[in-house]
Amino acid sequence: MEHGSETHEEKVVLHDVEPTPSDFQRDLLTGLQNLPKWVPCKYLYDDVGADLFEQICGLEEYYPTRVETSILKGCLNEIVSAIGPNAVLVDLGSGSSAKTELLLSALEDCVAYIPIDISKQQLIEVAHDIRRRHPRTEVLPVCADYHKPLKLPTPTRAFQRTVFFFPGSTIGNFEPGEVVSFLKRFAVISNPGDAFLLGMDLQKERSVMESAYNDPRGITARFIKNILARANRELQAGFDLDAFRHRAFYNAEAGRVENQLVSTCRQTITLAGVTVNFEPNEPVTVEHSYKYTLGGFQSLIHRSGYRLEKVWMDEQRYFSVQYLLSETHGDI
Ligand code: AVJ
C-alpha cells in the first residue's frame with residue numbers, strides 16, 4: 001500500500017485523564033471559600049453543559065460562533081496555505097466538530113488529528129465522526145484538562161508541523177497573565193514552525209457583547225447554572241437552583257464579560273463537611289470572557305514565545321482568527 005493512502009482501520013483509542021469528582025469538589029470548595037466567591041468555568045462542561053453550550057452556539061445573539069465560522073469559511077484557502085501539508089492538528093477543547101471539519105476537509109494531507117476535551121462523551125463522538133470522514137488522518141483523542149501539562153500521543157506517520165487549534169475565543173476565559181503562561185507551555189514543547197491557530201473575540205459595542213450572554217430564552221443562564229446543578233448531581237451539594245440568578249455584564253475597565261450567579265437570599269450550603277454562607281445579592285463568579293483589541297492581545301503573544309503571523313477578521317471586526325508562529329528554538 002502506498003504511504004499516502006494508508007487508512008487507520010483500528011478502533012479509536014481514547015487516552016483518558018478525565019478530571020474526577022474529587023477534583024471538582026476540591027476546586028469548588030477552594031473557590032467558594034474565597035472572597036469574592038468563584039467557581040472555575042471548566043466545570044461547566046459536563047455532558048449537560050456541553051449540550052447547552054451547543055445550543056448557545058446556535059443562538060442569534062451569540063455572535064462569536066457565527067462570525068468565527070464565517071471567517072474560517074471565507075479565509076479557508078489562506079488559512080490552510082499558512083498551515084501547509086502534512087500537519088498534525090491538535091484541537092484544544094474540541095467541543096463540536098463543525099469548525100474542525102472545515103479545516104480538515106481543506107487541509108492537504110493532515111497526518112493526525114488529536115482532539116483534547118474534558119467532556120468525554122462528546123470527545124468520543126467527535127473522534128468517531130472525524131475518523132469516518134477522514135480515513136487517511138490518524139485520530140488520537142485525549143480526554144484531559146488542557147489547563148494542565150499533558151503529553152501528546154505520537155502519530156504513526158512523520159509530519160511537518162504541529163498546529164494547536166483553539167477556536168471559539170476560549171482563550172478569553174483565561175486571565176491575561178494566564179494567557180501568557182498557557183501559551184508558553186506550548187511554546188516550550190514546540191519546534192520552529194509549529195503554530196497556534198486561535199479564535200479571539202474583539203472589543204466592540206457593549207450592547208452587542210452583553211446581548212450575547214443574556215439571551216431571552218435563558219439558555220445562557222441554564223448553562224451557567226449547570227455548574228451548581230452538576231455539583232448537586234455529582235457531589236450531592238444541595239444548591240437550591242432557584243435561589244441563584246444569572247447575571248452577565250461587560251466590565252469595560254477589565255475588558256471582559258463577567259458571568260455570575262447571584263445569591264437571591266441569605267443561605268447556607270454544606271459541602272464535604274464544610275459550611276459556606278451566601279449573603280443576599282452576593283455574586284459567585286463563574287466565567288470571565290475577555291475581549292481584546294488586536295494590539296492588547298498582541299502584547300500578550302509577544303511575552304509568550306509566539307509572534308503574530310497572520311490575522312483574519314470579519315468586516316465589522318467583531319472577531320479575529322489568528323495564526324501565531326512559535327518563536328522558540330527550545331530556549332525560552
Ligand atoms: C466557549 C468560553 C468562549 O466565553 O463566550 C458562552 C462560553 N459562556 N456563553 C464564552 C460561554 C456563556 C464561551 N466560551
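Under a 5 Å amide H cut-off, with hydrogens placed 1.01 Å from N, Lys204 pairs with nothing among residues at least 5 apart or on other chains. Taking amide H atoms as placed 1.01 Å from N in the peptide plane, the amide H of Phe244 lies under 5 Å from those of Thr264, each 5 or more residues away in sequence or on another chain.
Calculated mean residue ellipticity at 222 nm for the chain: -10000 deg cm²/dmol, from DSSP H runs with n ≥ 4 weighted as -39500 (n - 2.57), summed, divided by the residue count and rounded to 500.
Highest-first packing order for the peptide set 66-75, 260-269 is 66-75, 260-269, based on the mean count of other beta carbon atoms within 10 Å.
With the convex hull constructed from alpha-carbon coordinates only, region 59-102 shows a mean projected area of 3.6 nm² over all directions.
In terms of Cα atoms, the Rg and Dmax of region 231-288 work out to 13.0, 39 Å. Taken over the C-alpha atoms, region 167-298 has Rg and Dmax values of 17.8, 55 angstrom.
Computed from backbone phi, the HN-Hα couplings of region 307-324 come to 10, 6, 8, 8, 9, 10, 9, 7, 4, 7, 6, 7, 8, 10, 10, 10, 10, 9 Hz, rounded to whole numbers (Karplus: 6.51 cos²θ - 1.76 cosθ + 1.60, θ = phi - 60°; Gly and Pro given as x).
Given N residues in the chain, what is Rg(Cα) / (2.2 N^0.38 Å)? Could the numbers behind the result be given before it?
Details: Rg = 20.3 Å, N = 332, 2.2 N^0.38 = 20.0 Å.
Relative to the rule-of-thumb radius for its length, the chain sits at 1.01.
Given an 8 Å cut-off on Cα distances and at least 6 residues of separation, report the relative contact order of the chain as a percent. Please report the intermediate quantities before stating the final value.
Numbers: 644 pairs, mean separation 69.8, N = 332.
Dividing the mean separation by the residue count of the chain yields 21 percent.
Computed from the alpha carbon atoms alone, the convex hull of region 263-332 holds 182 Å³ per residue. For the peptides 36-42, 271-277, residues were scored by their other Cβ atoms within 10 Å and the scores averaged per peptide; the highest-first order is 36-42, 271-277.
Coupling constants for region 296-306 follow from the phi torsions by the Karplus curve (6.51 cos²θ - 1.76 cosθ + 1.60, θ = phi - 60°), and in residue order they are x, 6, 4, 5, 5, 4, 5, 7, 10, x, 10 Hz; glycine and proline get x. Compared with the direct C-alpha span, the chain from Ala158 to Ser207 gains 12.8 nm at full extension, assuming 0.36 nm per residue. Shape index of region 11-90: Rg/Rh, with Rg the Cα radius of gyration and Rh the Kirkwood radius from the inverse mean 1/r over Cα pairs, equals 1.11.
Could you work out which residue, out of Pro21, Pro141, Pro85, moves most in a Gaussian network model of the chain, that is, has the largest mean-square fluctuation with Cα springs under 10 Å? Ranking Pro21, Pro141, Pro85 by mean-square fluctuation puts Pro21 first. Amide H to amide H, with H built 1.01 Å from N, Asp91 comes under 5 Å of Ile114, Ile116, Phe165, counting only residues 5 or more places away or on other chains. With semi-axes defined as the square roots of five times the eigenvalues of the C-alpha gyration tensor, the equivalent ellipsoid of region 197-268 measures 27, 14, 11 Å, largest first.
With the simple spin-label model, which puts each label point 7 Å out from Cα in the Cβ direction, the Glu18 to Thr275 separation comes to 3.5 nm.
Please state the shape class of region 144-215: rounded when a/c is under 1.5, otherwise prolate if a/b exceeds b/c and oblate if not, all from the C-alpha gyration tensor. Since a/c reaches 1.5 and a/b is larger than b/c, the shape of region 144-215 is classed as prolate. Here the Karplus curve 6.51 cos²θ - 1.76 cosθ + 1.60, taken at θ = phi - 60°, turns the phi angles of region 223-229 into couplings of 4, 5, 5, 4, 5, 6, 4 Hz, with x standing for Gly and Pro. A protection proxy built from the mean count of other Cβ atoms within 10 Å ranks the segments 192-200, 298-306, most packed first, as 192-200, 298-306.
If you take all C-alpha pairs in region 105-229, what percent of them are over 24 Å apart? Each step should come with its number before you reach the end.
On the way: 3292 of 7750 pairs.
Value for region 105-229: 42 percent of Cα pairs lie more than 24 Å apart.
Note on region 74-148: along the principal axes its Cα atoms extend 31, 26, 21 Å, ordered by decreasing extent. Extension gain, Asp47-Leu35: 0.36 nm per intervening residue step, less the Cα-Cα distance, totals 1.4 nm.
Rule-based calculations on the coordinates, nothing more; no lab input. These numbers come from a predicted model, not from an experiment. In this analysis, Cβ positions are derived from the backbone assuming ideal geometry, glycine residues included, and neighbour counts consider all displayed protein chains.
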